[in-house]
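The structure under discussion appears below in the form of structure tokens.
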Amino acid sequence: MANFYRDNDDIQFLIRHTDVAASASVCEEGFKFADEFDYAPADAAEAIQNYDMVLDSLGQLSAEFIAPRAEDVDRQGNVLNEDGTVTRAKGIAEALEKMAQAEVMGFTLPHRFGGLNFPNIVYSMAIEIVSRADVALMNIFGLQGIAETINAFASEEIKQRYLRDFSAGKVTGAMVLTEPDAGSDLQAIKLRAFQDDDGNWLLHGVKRFITNGCGEVLLVLARSEPDRSGGLGLSLFVCEPGPTVHIRRLEDKLGIHGSPTCEIFFDNTPCEIIGERQRGLVTYVMSLMNGARIGIAGQSMGVAEAAYRLARDYAATRKQFGIAIERLPAVRDMLIDMKMAIEAGRALLYETSLVVDMEIGYAKRLESNPPEDKTEAKGLKNESRKYRRYAAMLTPMSKYYCSEMCNTVTYDSMQVLGGSGYMRDYACERYMRDARITTIYEGTSQLQVVAA
Ligand SMILES: Cc1cc2nc3c(=O)[nH]c(=O)nc-3n(C[C@H](O)[C@H](O)[C@H](O)COP(=O)(O)OP(=O)(O)OC[C@H]3O[C@@H](n4cnc5c(N)ncnc54)[C@H](O)[C@@H]3O)c2cc1C
């Protein structure tokens, strides 16, 4: 049976040789949940066995169900109906249903909300596996960051309302930041958040380029402090679709056709604030975007892997001048370069994900169970600071490297296939179109350089 997890020797190698056990331990907070939840692991070995099992079933679903539908998804795209609702491409809707059944829509959410509570390093593997099958689908699978942000910063009431539904795959989210005049520069956001006489928050204004803006839980960055320009005038809000949320347009775009990109008009939409006022951009969205950047690095890995394999297999069978073209040095060099670049990207991404797991783990430990001993507390704080700094540097590096790399790899993949690669008979041209967005969204490559 085809399996995008089992057939990838490099992922298999890295899962054995990266310190996944350390991630498991911080995520499970010393495996303290084992007494409370039947399915929570009691030790690192059990946790790793769980990761392996879930990745195995996701690998099979990706290879056997999702990948065979990706071409149709690309051709169909999504449809904006007259009543303002969006109909997803059939293959995307079916895949989301399967993923919900496989219980992989709450990958990193805590056990108490029905999530798997898996570490980021395993989530990065999952994202790569899904993206290799369908780059566009990953955009919806990868929006689990919305649930993570709610879990990290929202009130208990908001968590209770949404998080179980995220885990069950009953709702999907959207990250609603970009506006016509605020793209890279999110500090320029204008969409207004204001309170009515009863103190209820409402949203008014336009957002554009919103992936899955037709989802059920929208996290919206808005200007809550009209007199304050810049990032400190912004707060984060959660709202749901309804009569005041109008999807005005679905973008007609180069690639990722299965991922709906929406323009949304909020016409005095009721909403609730996440966390504290004025921390919307500087704390909550920065955290959300850092997670999403790692997600895009994983998405880039998936499309690069798919393109490389297509080129490698084609070069092994295509004959010119009486030999398989893989034996021609110029072609062989391209294939070797592609493979090396992919393995470098994967190593960087997994190391970054591991560092992020440690960063989150130390922060959680300091918050929930700070040591009484001063020296121990100081040591822990230093470790926490160290991982925070590493994560702040490695995250944009991974996003930059993996996204630029997948563009080179998909470009070269088409070169290896020659004229056939240019035709729609092969997935090559789709991979190239799908890869192109990765250096643009979640912060362009130029912005990653600034961030690193
Ligand atoms: C398919 C798609 C899906 C998207 N999904 C979402 C989503 O779900 N949610 C959301 O909120 N947004 C989303 N976006 C928006 C996306 O994040 C922005 O397009 C992106 O951040 C760039 O902003 P911009 O398009 O306004 O370009 P601009 O900010 O206008 O940038 C134009 C150029 O200027 C460069 N530039 C700008 N500032 C600097 C600087 N300081 N230093 C160096 N160079 C700079 C950029 O690198 C780029 O080359 C999506 C976009 C697309 C195309």
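Key figures for this structure:
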{"quantity": "The chain, accessible area per residue, ligands and nucleic acids excluded (1.4 Å, Å²)", "calculated": "45"}
{"quantity": "Cα-centre dipole for the chain with unit charges at Cβ (Lys and Arg positive, Asp and Glu negative), debye to 20", "calculated": "1140"}
{"quantity": "The range 9-171, relative contact order in percent, only Cα pairs under 8 angstrom and at least six apart counted", "calculated": "22"}
{"quantity": "Local net charge near ILE150, Cβ-Cβ under 15 Å (Lys/Arg +1, Asp/Glu -1)", "calculated": "-2"}
{"quantity": "Those Cys residues of the chain for which no other cysteine Cβ falls under 4.7 Å", "calculated": "CYS27, CYS214, CYS262, CYS402, CYS406, CYS428"}
{"quantity": "Kirkwood Rh, angstrom, the range 62-109 [1 / mean 1/r, Cα pairs]", "calculated": "11.9"}
{"quantity": "Exposure rank, largest accessible area first [LYS378, LYS339; 1.4 Å]", "calculated": "LYS378, LYS339"}
{"quantity": "Cα principal axis extents for the range 225-271, largest first, Å", "calculated": "39, 26, 15"}
{"quantity": "The range 9-171: C-alpha gyration tensor shape, a/c 1.5 cut-off, then a/b vs b/c", "calculated": "oblate"}
{"quantity": "Length gained when the stretch ASP35-LYS253 is fully extended (0.36 nm per residue, less Cα-Cα span)", "calculated": "73.5 nm"}
{"quantity": "Quotient of C-alpha Rg and 2.2 N^0.38 Å, computed over the range 290-451", "calculated": "1.35"}
{"quantity": "Loop-located chymotrypsin sites (Phe, Trp or Tyr not before Pro) in the range 1-91, at most 16 other Cβ atoms within 10 Å (DSSP)", "calculated": "PHE37, TYR39"}
{"quantity": "Nearest-20 debye value, the range 175-278 charge dipole, Cβ charges on Lys, Arg, Asp, Glu", "calculated": "340"}
{"quantity": "Total formal charge among the other residues, if their Cβ is under 13 angstrom from that of LYS90, Lys/Arg +1 and Asp/Glu -1", "calculated": "-2"}
{"quantity": "Gyration tensor verdict on the range 302-365 (Cα atoms; rounded if a/c is under 1.5, prolate if a/b is larger than b/c, oblate otherwise)", "calculated": "prolate"}
{"quantity": "Euclidean distance between Cα centres, the range 364-442 to the range 97-174, Å", "calculated": "18"}
{"quantity": "Shape category assigned to the chain from the gyration tensor of Cα positions, a/c cut at 1.5", "calculated": "oblate"}
{"quantity": "Separation between Cα centres of the range 1-74 and the range 267-323, rounded to whole Å", "calculated": "19"}
{"quantity": "Residue among ASN81, THR352, SER413 farthest towards the positive dipole end of the chain, charges placed on Cβ", "calculated": "SER413"}
{"quantity": "Per-pair calculated FRET efficiency, R0 = 25 Å: ASP52 and ARG424 via Cβ, rounded to 0.05", "calculated": "0.10"}
{"quantity": "Along principal axes, Cα extents of the range 175-278, largest first, whole Å", "calculated": "42, 29, 20"}
{"quantity": "Dimensionless Rg/Rh of the range 30-77 - Kirkwood Rh, Rg from C-alpha atoms", "calculated": "1.29"}
{"quantity": "Mean Cβ neighbour count within 10 Å, used as a protection proxy, ranking 418-427, 68-77, 135-144 highest first", "calculated": "135-144, 68-77, 418-427"}
{"quantity": "The chain, relative contact order [Cα under 8 Å, separation at least 6], %", "calculated": "15"}
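The values are calculated or read from the model by the stated rules, or taken from the named source; none is laboratory data. Every value quoted in this text rests on a predicted model; they were computed, and no experiment measured them. FYI the Cβ positions are ideal-geometry reconstructions off the backbone, even for glycines, and counts take in every protein chain you see. Side chains are part of the model used for accessible areas, which takes the heavy atoms of the whole protein and leaves out ligands, DNA and RNA. Shrake-Rupley method; radii C 1.70, N 1.55, O 1.52, S 1.80 Å.
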